[in-house]
Structures are given as structure tokens and as C-alpha cells.
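Bear in mind that the values in this text are calculations on the coordinates, not laboratory data. Not measured: the values here are computed from a predicted model. Every residue, glycine among them, receives a Cβ derived from its backbone with ideal geometry; neighbour counts consider all protein chains shown.
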Amino acid sequence: MSLNGRISELAAKHRHLDQQISEEQKRPSGDDLVIKDLKRQKLRIKEQLRQLKAS
């Protein structure tokens, strides 16, 4: 996979995680552990994107 393809794939995953976090927060009984895990995943992807863009 090309570098641009990998960046696009990670950016799409990042947006999807953002949507999942938003949906979970809107639920009246949103699970804080799930939200925390989703945010952690989102942060990992953000770091990967930063590293790929720097190279």
C-alpha cells in the first residue's frame, strides 16, 4: 500500500472512531470505559498519522 493510501485509510478510521465516540456520548447510558477505549484508539491513529506525514 502506498503512503498516501495508508494515510487515507488511517484518516477514515480516525473519523469513524470520532463518530463512534459521539454516538456513545449521546446515549443516556453511555459506557465510560468504551468511550475511553475509543479515545485511546483514536489517539494511537492520530500518532500514526503524524509519523507518516512527517516521513
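Here are a few things to note about the model shown:
- Test: Gln48 is polar (S, T, N, Q), within 20 Å of Asn4 (Cα to Cα) and part of a helix (DSSP H, G or I): yes
- Yes/no for Arg44 being without any contact (Cβ under 8 Å) to a residue 40 or more places away in the chain and of a type outside the set (S, T, N, Q): yes
- In segment 2-24, the residues that are among the polar types (S, T, N, Q) form Cβ pairs under 6 Å with partners that are surrounded by 16 or more Cβ atoms within 10 Å (Cβ to Cβ), at six or more places apart or across chains, as follows: Gln20/Leu38.
- Here Ile35 qualifies as surrounded by 14 or more Cβ atoms within 10 Å (Cβ to Cβ) and touching an Asp or Glu at 6+ places or on another chain (Cβ under 8 Å).
- Of the numbered criteria (1) loosely packed, with under 14 Cβ neighbours inside 10 Å; (2) in contact with a Leu (Cβ under 9 Å, 6 or more places away or on another chain), the one Ser29 fails is (2).
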